[in-house]
1. Report the gain in length on full extension from Arg605 to Glu393: 0.36 nm times residue separation, minus Cα-Cα distance, nm rounded to one decimal.
2. Compute the signed sum of charges (Lys and Arg +1, Asp and Glu -1) over the other residues within less than 15 Å, Cβ to Cβ, of Phe326.
3. Could you compute the net charge surrounding Asp543? Neighbours are other residues with a C-beta less than 13 Å from the C-beta of Asp543; K and R count +1, D and E count -1.
4. Starting from 0.36 nm per residue, how many nanometres of slack lie between Gln254 and Val379 once their C-alpha separation is accounted for?
5. Suppose R0 equals 41 Å. What FRET efficiency, 1/(1 + (r/R0)^6) with r the Cβ-Cβ distance, do Thr451 and Ala615 give to the nearest 0.05?
6. Using 30 Å as the Cα-Cα cut-off, could you pick out the over-long pairs in Lys169/Lys566; Lys353/Lys610; Lys400/Lys589; Lys73/Lys142; Lys261/Lys582; Lys51/Lys169?
7. Just to be sure I understand: of the beta bridges DSSP finds with both ends in segment 468-561, what percent are antiparallel, rounded to 5?
8. Just to verify a number: FRET efficiency for Ser234 and Asn294, C-beta to C-beta distance, R0 = 41 Å, to 0.05?
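Quick note: the coordinates plus some simple rules give every number you see, no bench work behind them. This structure is a prediction, so every number in the text was calculated from the model and none was measured. Ideal geometry is used to build each Cβ from the backbone, glycine not excepted, and the neighbour counts take in all protein chains shown.
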Amino acid sequence: MELLPRSPAEFGSARYWDRFFRQRGQRPFEWYGAFPELCPVLHKYIRPRDKVLVVGCGNSELSEQMYNMGMCKDIVNIDISDAVIRQMQERSGSERPKMSYLRMDMLQMDFSDAHFQVVLDKGTLDAVLTDEEEATLAKVDKMFGEISRVLQVGGRYICISLAQAHVLKKAVEYFSQEGWVVRVHQVASSRDKQQFVLPIFVYVMTKFRKIPGSAPQILEFCPEEQDKPMRVESTERLVGTVKDRQHYALLCSQLSKTPCKEQVFLDLCDKESGRSRYTLHVVDSPSVKPSRDNYFAIFIIPQGRETEWLFGTEEGRMQLAASAGFRRLVTVALHREQQYEGMAGIQAELSGKVMELAPLGLPAQQQVPFLSVGGDIGVRTMRHRDTSPLSGEYVVEDVKGDGTCYFRRLIFLRNRNVVQSEARLLAPVPLPGQKKRRKDKKKPMPAEPPTAIDKSYLCCEHHRAMVAGLCLLGGPDPLPGTPLAVLVVGLGGGSLPLFVHDYFSQAIVTVVEIDHSMLEVATRWFGFSQGDRMQVHISDGLDYVAKLAAEAPARYDAIMFDVDSKDLTVGMSCPPPAFVEKPFLQKVKTILKTEGVFVLNLVCRDARLKESVLATLREVFPLLYARHIEGEVNEILFCQPSPEGWRDPAELGARAHALEGALRQPGLPWDSSYVLADMLQAVKIL
């Protein structure tokens with residue numbers, strides 16, 4: 001039986017609706033939601049003594065159910081279809097004496113002005129506003145004008161809708177411009193997500209007298225999980241909020257039916273501020289054999305560790321899910337702007353929401369485990385927050401790593417999942433003669449996190465590889481006591497130039513940094529300092545190198561580029577594209593000594609762009625080595641201007657081993673995890 005219209009225009013035709021209801025018969029047709037779902041919202045805005053007009057009533061049981069439960073009695077139902085009005089009059093009979101059914105066109109109603117306290121619309125606006133053609137919009141304006149006319153001041157137009165973007169936008173714009181208060185509720189659904197996907201919304205437009213001039217709009221949204229409405233600043237924001245809810249409902253429905261082939265992520269926001277509070281990634285592992293206890297788990301990533309490979313990359317999360325042994329694992333990252341009340345508080349806050357992401361087949365009443373590293377949520381302490389004219393907003397924060405180690409990190413918030421600079425912190429050492437605090441067994445003192453920078457430790461593996469590349473310098477032995485002129489472009493926290501300065505005792509290090517804010521950050525928070533052998537120039541690296549190429553060729557033994565791109569639209573985040581163009585690379589070669597080495601940190605996700613960069617480097621430098629950093633996008637490139645370099649991998653390893661031995665100097669700490677020869681074991685000659 002064909003019940004759908006041939007074209008959207010038929011929704012406004014009395015003939016179509018007569019045919020529809022004759023074919024359907026007496027069976028109620030509920031467009032949007034059942035009464036138990038709608039009742040919690042409707043009873044807030046409909047009082048027992050209100051006169052209620054239901055427009056486009058159809059054969060829905062909504063009016064009858066409101067009458068029967070005593071929500072209100074004085075109800076007038078109108079519809080354009082004569083067939084359905086006769087059906088409803090027969091069905092209601094004398095059981096509901098105060099309720100009436102009238103055949104009437106809502107675009108031209110017979111009621112006097114200000115006759116009703118409530119106009120109720122269940123799906124009628126959606127049926128009329130099928131497109132944004134001029135004739136359709138004119139019809140909707142007429143509908144809204146009639147609703148406004150028959151409502152008293154203080155009355156409510158209650159519209160139950162699926163909230164398509166153009167429908168919601170039209171309604172909100174019309175009534176807010178008339179000076180009405182607009183509130184949108186999401187209806188809490190009890191329906192099976194596999195049967196019904198789209199959520200239902202209720203627009204509540206409260207009529208106020210229009211104030212001459214430009215009165216402020218009052219727009220509010222009330223999510224299904226809370227009663228308190230949230231103020232929204234614009235129509236666009238309100239429409240966007242509803243669209244987010246619709247996408248989330250669709251996502252939950254899809255996840256409840258089939259495993260996700262690709263990882264899905266979503267943000268859960270704080271109710272008060274609207275800021276992101278949790279970032280969730282849904283990871284399915286179809287290879288894990290199902291059992292009652294391994295369907296579903298939640299993994300809380302400790303604060304500050306969301307950038308680590310295991311938690312911050314798709315491959316890492318896949319490995320985490322497989323090792324945890326669950327068919328679906330939801331990882332949860334905590335945001336730095338938020339406060340959390342420990343693991344128990346997070347579990348209480350998330351339990352209801354994450355169950356909406358549960359997989360198909362999860363046993364009823366199954367308890368879902370919350371997992372973490374060491375059973376806690378980690379430690380994150382923000383030390384500094386500011387904004388740079390060049391780098392944007394940034395933070396300096398201390399985080400707890402594995403075990404008892406603490407690290408200080410610089411994060412640019414425009415790319416918050418990338419650690420820009422990192423340094424390990426030293427545990428405080430008691431002064432000579434200083435007594436330890438007496439321990440109180442009843443009130444144990446929490447250990448204070450360290451704050452001193454460990455300048456001997458390079459946290460970033462790509463920095464270790466860059467240092468290992470210095471063994472490519474000419475001469476029989478790469479001794480740290482040999483005079484070296486080193487140019488570093490890109491300061492960050494200063495770890496790389498500091499290490500070269502401290503461990504190569506005769507090195508004169510020149511650092512070029514475009515952002516003066518980074519020099520302040522490195523000096524104040526990362527232990528960086530200038531001196532006779534360390535100078536920082538605040539300049540664009542492109543301009544600085546070009547000027548040197550014209551004035552002082554063959555000046556440096558080593559040149560290191562570790563500079564990020566400010567343009568996130570390019571598939572290469574390090575360095576900026578201009579730094580790997582052929583004319584500029586030729587200038588780099590000009591200021592490099594014949595037996596020197598140019599070391600470049602390349603971070604490029606675009607395969608074609610990367611191949612283009614490598615081809616350009618090969619055109620300029622006869623000898624090119626590449627060292628991929630495992631688990632990262634970084635690739636360290638070692639470029640030499642002379643073809644007479646060290647081509648034997650075994651010989652490279654031996655030179656790196658000799659360099660490491662020479663760097664282990666008396667009086668300078670050395671971390672046992674540094675094996676410089678390992679940094680060059682996987683090097684490729686391109």
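1. 73.9 nm
2. Counting the neighbours of Phe326, the net charge comes to +3.
3. On the way: positive: Lys547, Lys587; negative: Glu513, Asp540, Glu551.
Net of charged neighbours comes to -1.
4. Here the segment from Gln254 to Val379 would lengthen by 41.5 nm.
5. 0.30
6. Lys169/Lys566; Lys353/Lys610; Lys400/Lys589; Lys261/Lys582
7. In segment 468-561, DSSP labels about 5 percent of beta bridges as antiparallel.
8. Working: r = 46 Å, r/R0 = 1.12.
Result of the calculation: an efficiency of 0.35.
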